[in-house]
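Chemist: Provided herewith is a single structure, encoded as structure tokens, for subsequent inquiry.
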Amino acid sequence: MSKQRLVIIGNGMAPGRLLEHLFEAAPDAYDVTIFNAEPRVNYDRIMLSPVLSGEKTFEDIIIHGDDWYAERGITLHRGEKVTGIDRAARVVTGASGITAAYDKLVIATGSSPFIIPVPGHKLPGVLAYRDLDDVDGMLRAANRGGRAVVIGGGLLGLEAAAGLKSRGMEVTVLHLMPTLMERQLDPAAGYLLQKELESRGIEVRCGANTKMILGDSEVEGVELEDGTVIDASLVVMAVGIRPSVDLARDAGLDVGRGIQTDLAMCTSDPDIFSVGECAEVDGRVYGLVAPLYQMAKVAAGHLAGVSEAAFAHAETPTKLKVTGINLYSVGDFGDGPDREDVVLRDAARGSYRRVILQGNRVIGAVLYGDVADGMWYNELLKSGEDVSDIRDTLIFGQAHQGGGMAADPLAAVANLSDDAEICGCNGICKGKIVQAINDKGLTSLAEVRAHTKASASCGTCTGLVESVMALTLGDTFSKKAEGMCGCTDLGHGEVRRLIKAQGLKSIPAVMQELEWKSSHGCAKCRPALNYYLLSDWPGEYKDDQQSRFINERVHANIQKDGTYSVVPRMWGGMTSSDELRAIADVVDKFAIPDVKVTGGQRIDLLGVKKEDLPAVWADLNAAGLVSGHAYAKGLRTVKTCVGSTWCRFGTQDSTGLGIKLEKFLWGSWTPAKVKLAVTGCPRNCAEATCKDIGVICVDSGYEIVYGGAAGLHIQGTTKLGTVKTEEEVIEVAAAMTQMYREQGFYLERIYKWAERVGYDTVKAAILDDTGSRRAYYERFVFSQQFAQTDPWSERVSGVDKHEFKPLAVFGEEAAPATAKVEPAE
Amino acid sequence: MNALTRDTNAWRLIGSIDDIPSQGARCVENGETKIAVFRTADDRIFALEDKCPHKNGPLSQGIVHGGCVTCPLHNWVISLETGAATGADDGRTASFPVRLDGRDIYLNLESNLQQGA
Ligand SMILES: Cc1cc2nc3c(=O)[nH]c(=O)nc-3n(C[C@H](O)[C@H](O)[C@H](O)COP(=O)(O)OP(=O)(O)OC[C@H]3O[C@@H](n4cnc5c(N)ncnc54)[C@H](O)[C@@H]3O)c2cc1C
Ligand code: SF4
Ligand code: SF4
Ligand code: FES
């Protein structure tokens, strides 16, 4: 039997799921061709919000990568929009002329965001929120800063607002209705939500009607009907979606609000199916994935000829995916004469819950704050069970029902029935997960996701799935610990993102909110957290000395015998007779055992006693010498050659530029040490091609290279590009340092960071996009005002005096009972 | 109790708890011996000889976390209470009895190890 041809229009979440079911049931039935207007593979659209907020990357949310299509022999036309369906000839045609003949066709064009046609809606800077391009657009805008106005206070609008806020923008939400998310929340919960968003610095204006968007060549602001003008550099419209039905209508299919189908998801043409947001089944259209996945399953069954299943409507709970905000709503919660409400409020904890009953059955629930019981109410709603017996305690939740069940989440999950739904998006119940674990011997969350899809979509049920695993596997299940240290399972990237996303500004706040497993961290995580906070909240966060490694605490390098080495800065490797004389005097005065020239073109004084450090620094300071930060995760040296000043090959003043760079960059803390070099011509005497950032002077300007290493690991640099002036070199070097400061993991050198995020990404952000470069540069300059103080002179003048003096000293022989006691500082 | 069986003359007032940064340490010199006095985040005070059991690293310079200090030289983690290395490492540093009287710290200059404790 030869294969039939299946053509799919649209490659969103619904057809992606349809194909999974189809290939499982009938792997050889069809030759599949997909047309997708978006130029990419299938990804989890609902996780765009975590990508926007920075909690996930695009790679994290891809559902089917290239391999997936290749393995199944599927032809995927990316970026090819279908423009016509010829039902008589059974052929579809794409915008660039590609055609494909079909035996069966699936229309899965999803929906398009509705754009309010107010004046100015076409200006650059007005975006919808639907796909990755929109997210990229928002991120570009966020990187330039300013204010974003989000029009629409529903699920999408609020997720966009929270994401843009955590990316550092000022955010105003405009909502036409009197309370937020009025379709999912009642006014009380809407109020709590608004308060929470406002406490995070998001401005919310309800009852706000947009009159026009202002600006000549790009967005400059928004004007409301009442005359209010709000400045804005970005406008996001999230006011609703319209099923994309034009193609089907033009092809003469029956179309109402969506493409009309029967309960088998078949349209008015028996060879054409429709699934997803574009489909209208039994008079309803949908905008959440759970029903779409059901459509996909039904349609796949019919296409594979293995099932006669019919689509059945079910209530889908709504959750908002904003970290730290918990809300859950399901069913119907309008007021009505035959309806009763049970309400429980806990103002102190900012939590609210309301269950709506009709004839002793649950028909709706709204939970805000503590939402753990949402699932249980949903179960009661679905089963239509008579709840008169438990009416009195219903509102307190499942833990209060019969037998005083423990509030322990594991016990709560243990008490769920086998058909309790765990994963709402995918409609996966507890029994199914348990069965998959037992039958297939699954042991990790990733495997459970792969086999059952539980928690593989919006991810809010991950904790529940893990509880089910813990119950089923017992002690053999332990969450995979890949954390930054034993104190947390979160990795460096997650911790960095959450610090920004949740606005965590102290080490105790991070440990509390991210649920550290130790009370005060350890020597691995504390220095990392201290760095992240210092880099993320310049001027706000106070450096925690006790979380620093000793070298950075006493501004010298500890040696194996507990003495220290002292390295003064020599800008660009230049020194003078005065400086050398001062160094010689210090060496004699403090009997410093060794003096050595370092690889970074400066002088190291080795074997200084800790108690002598402040006095040594005082003498060096007096001669104008400052700390060289030879101990720091920060700028170490800028190595130079003599360049055009002396060398016959020199093309530019490499020494002068090196000094300028060093004076600009010193003092800033970075994830790991940073070394630079400026070399006067490609002969490279200053060895710029193995530095973190190197500059090679050429006749026409300055070639910038980066990502070199010459330690345990040896690696040549990668070229970033060529610029014309010294000012540009400084701007690029500062911007790159800042990007690395914001993204690098603690102890990760520039070459590792660049490998991880991609050399192309760095180049695009630092060289190609001058707006983005400027923004990084400005953030660097801002943070430098808090960083450029000489730590030596600070300590000479008394800072951290306790570091350098013993607490008490007793003689060899019978010390007097009252010893010499240092006064309190 | 230790204090009773010891030479009571060995107790010395060494300063106030406020002289030591929280999660930090200061040193007391007793002739040739250096004693590191630690203060934890919950204001407990411990005293150990300032010598790592590994290669004599100065423990007073390490990072204090929970009831432990991580040696600055090669990251051994030493229990402040017992002076013993934790985890896979093996070794023990001499510890000294301390007691708090109000905010005053008293240190007994006779180590627990010498006592065979
Ligand atoms: C930011 C965001 C957050 C969300 N959060 C949630 C959530 O938490 N929970 C939830 O349940 N749902 C959520 N949703 C909704 C959910 O993502 C959608 O319901 C779902 O993705 C719709 O799937 P679909 O396959 O119908 O359409 P889509 O995923 O929109 O896919 C349609 C695809 O078809 C392509 N296409 C359209 N016309 C053509 C054509 N003529 N030719 C070729 N290709 C075409 C489009 O480019 C698009 O790629 C969210 C949506 C967004 C945007
Ligand atoms: S790199 Fe070029 S300019 Fe610099 S010293 Fe060497 S030869 Fe001269
Ligand atoms: S190469 Fe090794 S031994 Fe030499 S200074 Fe560096 S770390 Fe120490
Ligand atoms: S000397 Fe302390 S760990 Fe090596």
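Chemist: Calculate, for the range A:49-162, the solvent-accessible area per residue in square angstrom, rolling a 1.4 angstrom probe over the heavy atoms of the protein chains.
Modeler: Here the per-residue accessible area is 42 Å².
Chemist: To the nearest 20 debye, what is the magnitude of the charge dipole of the range B:11-108 about its Cα centre, counting +1 on the Cβ of each Lys and Arg and -1 on the Cβ of each Asp and Glu?
Modeler: In total the dipole reaches around 100 debye.
Chemist: Give me the distance in nm between label points sitting 7 Å out from Cα along the Cα-to-Cβ direction at residue A:57 and residue A:594, one decimal.
Modeler: The answer from the label model is 4.1 nm.
Chemist: Another question, then. Within the P(r) computed for the range B:11-108, what percentage of the Cα pairs occupies the region above 21 Å?
Modeler: Tail of the P(r) past 21 Å holds 24 percent of the pairs.
Chemist: I'd like the orientation of helix A:577-589 relative to chain A: the angle between its Cα long axis and the longest Cα principal axis, in ° from 0 to 90, rounded to 10.
Modeler: 80
Chemist: Using a 1.4 angstrom probe, figure out how much accessible area the range A:492-548 has per residue, in square angstrom, rounded to the nearest whole.
Modeler: Using a 1.4 Å probe on heavy atoms only, each residue of the range A:492-548 averages 41 Å².
Chemist: Taking only protein heavy atoms into account and a 1.4 Å probe, give the accessible area per residue of the range A:570-645 in Å².
Modeler: 42
Chemist: Determine the shielding of peptide B:12-19 by partner chains: average, over its residues, the number of Cβ atoms on other chains within 10 angstrom of each Cβ.
Modeler: 6
Chemist: Viscosity 0.890 mPa s, temperature 25 °C: give me the Stokes-Einstein translational D for the range A:549-631 in µm²/s, with Rh taken as the Kirkwood radius over C-alpha pairs.
Modeler: Diffusion coefficient, whole number: 195 µm²/s.
Chemist: Shifting gears a bit: Compute the normalised compactness of the range A:250-291: alpha-carbon radius of gyration over 2.2 N^0.38 Å, N being the residue count.
Modeler: 1.05
Chemist: What per residue convex hull volume, in Å³, comes out for the range A:1-101 when only alpha-carbon positions are used?
Modeler: 109
Chemist: How much of the DSSP beta bridge set in the protein assembly as shown is antiparallel, as a percent to the nearest 5?
Modeler: Taking every DSSP beta bridge with both residues in the protein assembly as shown, the antiparallel ones total about 70 percent.
Chemist: Ok, one more. Pairs of alpha-carbon atoms within less than 8 angstrom and 6+ residues apart define the contacts here; what relative contact order does the range A:595-685 have, in percent?
Modeler: 29
Chemist: What is the percent of Cα-Cα separations in the range A:113-242 that go past 22 Å?
Modeler: Tail of the P(r) past 22 Å holds 28 percent of the pairs.
Chemist: Please work out the FRET efficiency for the pair residue A:345 and residue A:387, using the Cβ-Cβ distance as r and a Förster radius of 22 Å; give the result to the nearest 0.05.
Modeler: With a Förster radius of 22 Å, E is 0.60.
Chemist: Over the Cα atoms of the range A:492-548, what radius of gyration and what Dmax do you get, in Å?
Modeler: Using the Cα atoms of the range A:492-548, the pair Rg, Dmax is 10.2, 29 Å.
Chemist: Let me ask another. How do A:38-51, A:776-789, A:83-96 rank on mean C-beta neighbours within 10 Å, highest first?
Modeler: Top of the packing list down: A:38-51, A:776-789, A:83-96.
Chemist: Could you state the angle between the C-alpha long axis of helix A:770-787 and the longest principal axis of the C-alpha atoms of chain A, as a value from 0 to 90 degrees rounded to the nearest 10?
Modeler: The angle comes out at about 50 degrees.
Chemist: Once the Cβ-Cβ distance between residue A:231 and residue A:770 is put in as r, and R0 is 25 Å, what FRET efficiency do you end up with, to the nearest 0.05?
Modeler: Efficiency computed from Cβ-Cβ geometry: 0.60.
Chemist: Hey, what did the range A:149-282 get for relative contact order, percent, Cα under 8 Å, at least 6 apart?
Modeler: With pairs under 8 Å counted, the relative contact order is 19 percent.
Chemist: I would also like to ask the following. Please give the helix A:492-501 orientation as an angle from the longest Cα principal axis of chain A, in degrees from 0 to 90, rounded to the nearest 10.
Modeler: The angle comes out at about 80 degrees.
Chemist: In addition: So, in nm, how far is label residue A:475 from label residue A:446 when the simple model puts each one 7 Å beyond its Cα toward the Cβ?
Modeler: Simple spin-label model gives 2.6 nm for this pair.
Chemist: If you don't mind, another one. Would you calculate the convex hull of the Cα atoms in the range A:454-572 and tell me its volume per residue in Å³?
Modeler: Convex hull volume per residue, Cα atoms: 177 Å³.
Chemist: Within the accessible area of the range A:549-631, what % is carbon and sulfur when the probe is 1.4 Å and the other protein chains stay in place?
Modeler: 55
Chemist: Within chain B, what whole-number % of the accessible surface is contributed by carbon and sulfur, with the 1.4 Å probe and all protein chains included in the calculation?
Modeler: 44
Chemist: Taking a virtual spin label 7 Å from the Cα of residue A:262 along the C-beta vector, which residues in the range A:305-343 bring their backbone nitrogen under 20 Å of it?
Modeler: A:305-313
Chemist: I'd like to know which of B:53, A:172, A:148 lies farthest towards the positive end of the charge dipole of the protein assembly as shown, counting +1 on Cβ of Lys and Arg and -1 on Cβ of Asp and Glu.
Modeler: Positive-end residue among those listed: B:53.
Chemist: Still on this structure, I have one more. Can you pull a Stokes-Einstein diffusion coefficient for the protein assembly as shown at 4 °C (1.567 mPa s), Rh from Kirkwood over Cα pairs, as a whole number of µm²/s?
Modeler: Translational D for this selection: 40 µm²/s.
Chemist: With +1 on each Lys and Arg Cβ and -1 on each Asp and Glu Cβ, how big is the dipole of chain A about its Cα centre, in debye rounded to the nearest 20?
Modeler: 1820
Chemist: Below 8 Å between Cα atoms, with a sequence gap of 6+, how large is the relative contact order for chain A in percent?
Modeler: 7
Chemist: Next question. To the nearest 0.05, what FRET efficiency results for residue A:78 and residue A:419 with a Förster distance of 51 Å applied to their C-beta separation?
Modeler: Plugging the Cβ-Cβ distance into 1/(1 + (r/R0)^6) gives 0.80.
Chemist: From the helices alone, meaning DSSP H stretches of at least four residues, give me the mean residue ellipticity at 222 nm for chain A, per-run term -39500 (n - 2.57), in deg cm²/dmol to the nearest 500.
Modeler: Helix contribution divided over all residues of chain A: -9500 deg cm²/dmol.
Chemist: What's the extension gain from residue A:512 to residue A:585 if we count 0.36 nm per residue and subtract their Cα-Cα distance?
Modeler: Difference between extended and current length: 21.2 nm.
Chemist: If you don't mind, another one. Of A:623, A:244, A:25, which is farthest along the charge dipole of the protein assembly as shown in the positive direction, counting Lys and Arg as +1 and Asp and Glu as -1 at C-beta?
Modeler: A:623
Chemist: So, one more: What distance in nm separates the two pseudo spin-label positions at residue A:3 and residue A:40, each 7 Å out from Cα along the beta-carbon direction?
Modeler: 2.7
Chemist: Taking each pair of different alpha-carbon atoms in the range A:633-802 once, compute 1/r for the pair, average those values, and report the inverse of that mean as the Kirkwood hydrodynamic radius in Å to one decimal.
Modeler: Answer for the range A:633-802: a Kirkwood hydrodynamic radius of 16.2 Å.
Chemist: Ok, one more. Out of B:53, B:21, B:97, any idea which swings most in a Gaussian network model of chain B, alpha carbons joined below 10 Å?
Modeler: Greatest mean-square fluctuation among the candidates belongs to B:21.
Chemist: In whole Å, what are the Cα extents of the range A:737-818 along the three principal axes, biggest one first?
Modeler: So the extents along the principal axes, rounded to whole Å, are 72, 26, 14.
Chemist: What is the gain in length, in nm to one decimal, between residue A:358 and residue A:683 on full extension, counting 0.36 nm per residue of separation less the C-alpha to C-alpha distance?
Modeler: So the chain would gain 108.6 nm between residue A:358 and residue A:683.
Chemist: Within the range A:239-269, list the residues whose amide N lies under 19 Å from a label point set 7 Å along Cα→Cβ of residue A:177.
Modeler: A:239-243
Chemist: As I understand it, the dipole of the range A:62-165 uses +1 on the Cβ of Lys and Arg and -1 on the Cβ of Asp and Glu, about the Cα centre. Which of A:100, A:113, A:85 lies farthest toward its positive end?
Modeler: Value: A:113.
Chemist: Residues of the range A:342-374 with the amide nitrogen closer than 14 Å to a label point 7 Å from the Cα of residue A:284, along Cα-to-Cβ, please.
Modeler: Residues A:364 qualify, since their backbone N sits under 14 Å from the label point.
Chemist: How big is the B-A contact in terms of buried accessible area, both chains counted, 1.4 Å probe, rounded to the nearest 100 Å²?
Modeler: That pair hides around 2700 Å² of surface in total.
The values are calculated or read from the model by the stated rules, or taken from the named source; none is laboratory data. The structure presented is a predicted model; accordingly, all values stated were derived computationally and were not measured. Every residue, glycine among them, receives a Cβ derived from its backbone with ideal geometry; neighbour counts consider all protein chains shown. We work out accessible area using only protein heavy atoms, side chains counted, and drop any ligands, DNA or RNA first. Shrake-Rupley method; radii C 1.70, N 1.55, O 1.52, S 1.80 Å.
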